Structures are given as structure tokens and as C-alpha cells.
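Heads up: the structure comes next, in C-alpha cells.
The values are calculated or read from the model by the stated rules, or taken from the named source; none is laboratory data. Fair warning: this is a prediction, and the values are worked out from it, not measured in the lab. Every residue, glycine as well, gets a Cβ built from its backbone with ideal geometry; the counts of neighbours run over all protein chains shown.
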Amino acid sequence: MGKLSRNALSWSDWRRAGPKAWPGAKGPDEAEGSMDTWFPYLMEWGSMLLRWLHVTTAIAWIGSSFMFMHLDASLRKEKSMQPGVSGVSWQVHGGGFYEMSKYMLAPAVLPEHLVWHKWQSYWTWISGFSLLCWIYYGQSTFFLIDPAVMPLAPWQAAIAGILALGLGWIVYDLLCKSPIAKSDTLLALVGFGYVVLTSYVFTLIFSGRGALIHTGALMATMMTANVFFVIMPNQRKSVAALIAGKTPDAKWVKTSKQRSTHNNYITLPVIFMMLSNHYPVTYANASVIPALVTLVIIAGALVRYFYNMWHADHAKAPWWAWFVAAAAIWAAFWVCMAASPGMRTVLGLGPAPPAAMAAANLPKAPADVVNVVSTRCSMCHSPEPVFEGIGEAPKGVLLDTPEHIAAFASAIRVQAVMSHAMPPNNITEMTPPERAILARWLAGGKLAQN
């Protein structure tokens, strides 16, 4: 049987070709059919599907969270309210009218059908943590570990990240149970400082990209843990008390409301942190990450503050919050720009300080591969890109040294050999023989191992 093109095979072709065309098949086409070839492709699809699930569940959770904060703020007193009701809100949506009432504690009689809002939160965290493991722990060599920051083994980086999320929640929970929590404002300020401090600690352990995504992951873990360990247990206690003919403890309601408010105010900053890994301008210089986190939290919290107040009373909406939030984002823009190696000279700030060098014993790409990548890729994928319109290396991928090229071997396989997505539209005119050089190198097995 002649050589088969994997991209052209239909299901019937696969059946006729037999095992020699299957992934991992041995024989003349071993390099094409081996798991070394298929693994990056499977990783890409897995990443896409997990991200799809994560975004979908996050939309559901954030939507319901915003809806209930809006509902709380829009409640109004009415003369005809049932006993124990603190307020009523009339709303219209999709051609229907809805009357919603909120009880100060709980109704005297529990309804037969009660809707619990929890799985949106749980699945957002489950899918997000799975994505974190899939991308940052499963491919830590080029997403999470920066040898110049801390030369971690992949398993060490994964353990550090997971422990940070767990311990981070424990510290936050202890703060919420401490005397500080008697003042909502003081607790918010201490929690704010705590998150900024953790973002700084992350920059001492991980790459800039890894530090920023773990800051967002820690905040997201706090949000879901609030639901799982505090809000839902308190709601179950209230239901159990009603069934037993007792009055629920007002403390349960107050504590749950405090944690729910925290979730509401940090939602927008968390979204920013999760999106940041697609934009290297936010993490190209890790030293400014704490400042960036500070400004983003201020901006996001103020936007939520405006809407919370606006829903309560349009006439008393704090419009000033928009101006302060815009100023915070504007400041974040300039902080990141001034720290960017490629923009410092443009701003007249002089060259950036030399980057810390990693150990010299890291794997290196061979000379012929370095020549191809330097000619076709490094004008964009360098600390100071020279290609017009590129301010930072796309996705933070640096291909300016033999060590960096070896570290990003899996990405090169997917982007330049398997899919031909890079260079974009083949703008630098990478030739088939040059792609063949990359393919032979990638098939040789002498790559940086994750």
C-alpha cells in the first residue's frame, strides 16, 4: 500500500488501510503515526473543549450572580407583602411578567419545589481547574516554568500551583472568620492586599504568564469555595431548621451574604486575569504584575459598585465610579507599556534591564532548526519584536535562542508543522523544505521533555 496522507483519509480509508494507518502504528510512516505526532494535536483539541465548557459554565454562573445582586438591589417595599418578606421586585423578560419576593430569613412553610443555584459555580471551577492542569501543569515547560525565575521540575511546579490555591483559600477563609470580618470595609481592604501580595509571590515562582493566571485561579477558587463551604451549607442549615419547625439563624444569612458580595465584586477582575494569558502585554514583564492586579481589581470592583448602586436607585447612581475605573485601566495600560522591553525606547525610557539568564545546561535546538526559526519566526517571537504592528511576542512565546526554541518544540510542531498556521498566512514565506527540517527535528525525539 502506498503512503497515505492522514489529512485526506476518510473513515472508510482508515478501515481499508488497517492498523498501519492508526495512531502509533509502526512501519515506514512511524513518525507520522506515532503518539509524538498525535499528542500535541490531542492536547489542542482537549484545550479547546475544556475552554468551551469553562466559558459556558462561567457565563451561567456569572449571569446568575449578577442577576441576584440586581434582584437584591431592586427590591421594594409594598403594602400587600406577605409576612416575613423584606421586599418585592417586578420584572419583565421575554414577554412575561415576573413577581419576585425575598424573605428576611425564610418562608414559614417550605415550598415543594426549590431551585438551588450551585452547579454553575462548581462546574466553572471544575472545568477551570481541569484547564489549568491540562495547559499549565501538563505543558508546564513552556507555559508555567521560567528557569530564570526558578528552575522547577514539572511536578514541582504543579504541586506549587495546587498548594497555592488550597492554602490561599484557607488564609482567606480565616480572615473572613476573624474579628476583621466585623467590618465589611476593613475585610475587603485586607482581602484586596492579600490578593496583591499573592500575585507578587507568584512572580517569584512562576513565569509571568503563570503568575497572572494563578492569581486569577486563586480568586476563582475563593469564589467557588465560598459557595461550597459557606453559602450552600448555610442554606442547607436554614432548610433543615424550617423542616424542624425552627427559625433559621440570622447569622447564616449574614455570613452567606458577605461571601456572596465578595464573589460579586471580584468577578470582573477574575475574568480579566483569565483572559490575560492570551495577551502577553500583561505579563511580558512580571515585575509589574502586582501593580497591574491592583489597578484591575480597583477598576472591576468599581464597575460592580456602580451597577449595584444603580439597580438600587437610578437617581443616586455613582457615575464617578466609571471615571475612576477608567483612570485605573489607563494607568494599567501605561504601567505595562513602560515595562515592555519593546516600548521603553519608544517612550524614551532607555533599554530594559537585562533579563535574568537561565542555566546553560538546558536543551538546545540544532543549528539548522535555529536558522529556520531565526529567519522565519524570531522577528515576532523575540523580547523586542521588529515586525510592524507587533509590540510583544505573540502568546509570550520567545524563539530568540536555541534554548527557547527547544522549550517550545511542542508548540512549533502544532503551529508550523502539523497545521501550518504559523507564520500567519505564511507572511515570512517559510518553504516546504524548511518545514521538513522542523519536522525531522521534531521526529527525532531529542526535545525538551515536559
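For segment 352-369, filtering for residues that are modelled with pLDDT of 70 or more and surrounded by fewer than 18 Cβ atoms within 10 Å (Cβ to Cβ) leaves 6. The lone criterion from (1) modelled with pLDDT of 95 or more; (2) surrounded by fewer than 19 Cβ atoms within 10 Å (Cβ to Cβ); (3) under 20 Å from the mean Cα position of the chain (by Cα) left unmet by LEU175 is number (3). Residues being surrounded by 14 or more Cβ atoms within 10 Å (Cβ to Cβ), among the β-branched types (Val, Ile, Thr) and more than 30 Å from VAL414 (Cα to Cα) are entirely absent from segment 144-151. Evaluating LEU131 against the criteria (1) surrounded by fewer than 15 Cβ atoms within 10 Å (Cβ to Cβ); (2) assigned to a helix (DSSP H, G or I) leaves one unmet condition, (1).
One line per residue, one yes/no per condition, for (1) modelled with pLDDT under 85; (2) under 18 Å from ILE271 (Cβ atoms); (3) part of a helix (DSSP H, G or I); (4) under 24 Å from the mean Cα position of the chain (by Cα):
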site: MET309; (1), (2), (3), (4): no, no, yes, no
site: PRO318; (1), (2), (3), (4): no, no, no, no
site: VAL324; (1), (2), (3), (4): no, no, yes, no
site: ALA328; (1), (2), (3), (4): no, yes, yes, yes
site: ALA332; (1), (2), (3), (4): no, yes, yes, yes
site: MET343; (1), (2), (3), (4): yes, no, yes, no
site: LEU349; (1), (2), (3), (4): yes, no, no, no
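Just so you know, in segment 232-278 the residues that are under 30 Å from GLU384 (Cβ atoms) and modelled with pLDDT under 90 include one that is surrounded by the fewest Cβ atoms within 10 Å (Cβ to Cβ), and it is HIS278.
Residues that are touching a residue at least 40 places away in the same chain (Cβ under 8 Å) and hydroxyl-bearing (Ser, Thr, Tyr) are absent from segment 378-388. Within segment 223-244, can one find any residue that is touching a Ser or Thr at 6+ places or on another chain (Cβ under 7 Å), under 30 Å from PRO147 (Cα atoms) and assigned to a helix (DSSP H, G or I)? No, segment 223-244 has no match at all.
Listed residues PHE192, PHE206; which is touching a residue at least 12 places away in the same chain (Cβ under 8 Å), surrounded by 15 or more Cβ atoms within 10 Å (Cβ to Cβ) and not in a helix (DSSP H, G or I)?
Numbers: PHE192 fails: not in a helix (DSSP H, G or I).
One residue alone meets the criteria, PHE206.
Looking across segment 242-266, the residues that are in contact (Cβ under 8 Å) with a residue 60 or more places away in the chain and not β-branched (Val, Ile, Thr) come down to LEU242, PRO248, ALA250, GLN258, ARG259, SER260, HIS262, ASN263, ASN264, TYR265.
Looking only at segment 139-172, which residues are among the β-branched types (Val, Ile, Thr) and modelled with pLDDT under 95?
Narrowing segment 139-172 to residues among the β-branched types (Val, Ile, Thr): 141, 145, 149, 159, 162, 170-171.
Within segment 139-172, THR141, ILE145, VAL149 qualify.
Applying the condition of being polar (S, T, N, Q) and assigned to a loop (DSSP other than H, G, I, E, B) to segment 393-439 and asking which residue is surrounded by the most Cβ atoms within 10 Å (Cβ to Cβ) yields THR401.
If you check TRP119 against the conditions, is it out of contact with any Gly (no Cβ under 7 Å at 6 or more places or on another chain) and surrounded by fewer than 12 Cβ atoms within 10 Å (Cβ to Cβ)? No: the conditions fail for TRP119.
Selection of first residues in segment 305-317 that are more than 19 Å from VAL88 (Cα to Cα) and of second residues that are assigned to a helix (DSSP H, G or I), restricted to Cβ pairs under 7 Å at least 6 apart or on distinct chains, gives the following pairs, ordered by first then second residue: TYR305/ALA321; PHE306/ALA321; PHE306/TRP322; LYS316/MET309; ALA317/PHE306; ALA317/MET309; ALA317/TRP310. Checking each residue in segment 72-106 for being buried (at least 17 other Cβ atoms within 10 Å of the Cβ), modelled with pLDDT under 85 and either of a type in the set (A, V, I, L, M) or within 14 Å of SER121 (Cα to Cα) (or both) picks out only ALA106. Cβ-Cβ contacts under 6 Å between residues 6 or more apart (or on different chains), taken from a first residue in segment 150-164 that is over 16 Å from ILE135 (Cα atoms) to a second residue that is of a type in the set (A, V, I, L, M, F, W, C) and at pLDDT 95 or above, are listed as MET150/ILE205. Is at least one residue of segment 147-154 under 30 Å from HIS278 (Cβ atoms) and outside the structural domain of LYS237 (by TED's automatic domain parsing)? Within segment 147-154, none of the residues are under 30 Å from HIS278 (Cβ atoms) and outside the structural domain of LYS237 (by TED's automatic domain parsing).
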